[in-house]
Amino acid sequence: LFRAKAELHSVLGNEVEARAYADSAIALIENARQVGDLNERFLLSSEMLAHAAARRFESAREVGEHLLSLDPIAADALYGSGVVGTIADMYVLVDDVDAAIETLEKVLSVPSCISAKLLDVDPLFNPIRDDPRFQALLEKYEN
């Protein structure tokens, strides 16, 4: 919940609130990691998005690159593509269009719940919606 509120405030431009909620989210993530309650890829995804919402772009990228190095799609056929999709979300949030497009290509190239049609209506992708490479991806994977 704190991570979602951090993302919302980040999108709304409320940086102070975004950082406060992100810091709360990261503290909860660290606690869950110590207790061993949740899947590590889930915790890393949440941590990555919290850093992005708090505009700690370098930290978000580091966590995202670590997540990609775990090869989530090969490690988990059911949920791995969602992890990669979340990494693409982070790249959009940190304004790294090249990495976002590259990551979206990976996730769209495998069976998953993430589709070109979903990306076409998801407001998170508004910042890259007019990029010709994003439009080409949507066209390539529209079926």
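Things worth noting here:
- Every residue from region 61-98 that is among the polar types (S, T, N, Q) and touching a helix residue (DSSP H, G or I) at 6+ places or on another chain (Cβ under 7 Å): S81, T86
- Taking first residues from region 80-94 that are outside any loop (DSSP other than H, G, I, E, B) and partners that are hydroxyl-bearing (S, T, Y) and crowded, with 23+ Cβ neighbours inside 10 Å, the Cβ contacts under 7 Å between residues at least 6 apart in sequence or on separate chains come to V83/S45; T86/S45.
- Residue match in region 48-62 (condition: free of Cβ contacts under 8 Å to residues at least 40 places away in the same chain, more than 21 Å from E102 (Cβ to Cβ) and either assigned to a helix (DSSP H, G or I) or not hydroxyl-bearing (S, T, Y) (or both)): yes
- Condition broken by L43, with the remaining ones in (1) crowded, with 17+ Cβ neighbours inside 10 Å; (2) within 21 Å of Y141 (Cα to Cα); (3) of a type outside the set (S, T, N, Q) satisfied: (2)
- Subset of region 65-77 (residues that are open to solvent by 10 Å² or more (accessible area, probe 1.4 Å) and either aromatic (F, W, Y) or closer than 21 Å to D122 by Cβ (or both)): L68, I73
- Scan of region 109-142 for residues that are open to solvent by 20 Å² or more (accessible area, probe 1.4 Å), touching a residue at least 24 places away in the same chain (Cβ under 8 Å) and not hydroxyl-bearing (S, T, Y), ordered by number: V110, P111, C113, I114, K117, L124, P127, D131, R133, K140, E142
The values are calculated or read from the model by the stated rules, or taken from the named source; none is laboratory data. No experiment lies behind these values; they were computed from the predicted model shown. We place every Cβ from the backbone using ideal geometry, glycine too, and count neighbours over all the protein chains shown. Ligands, DNA and RNA are stripped out before the accessible areas are found, and what is left, the full protein with its side chains, is counted by its heavy atoms. Shrake-Rupley method; radii C 1.70, N 1.55, O 1.52, S 1.80 Å.
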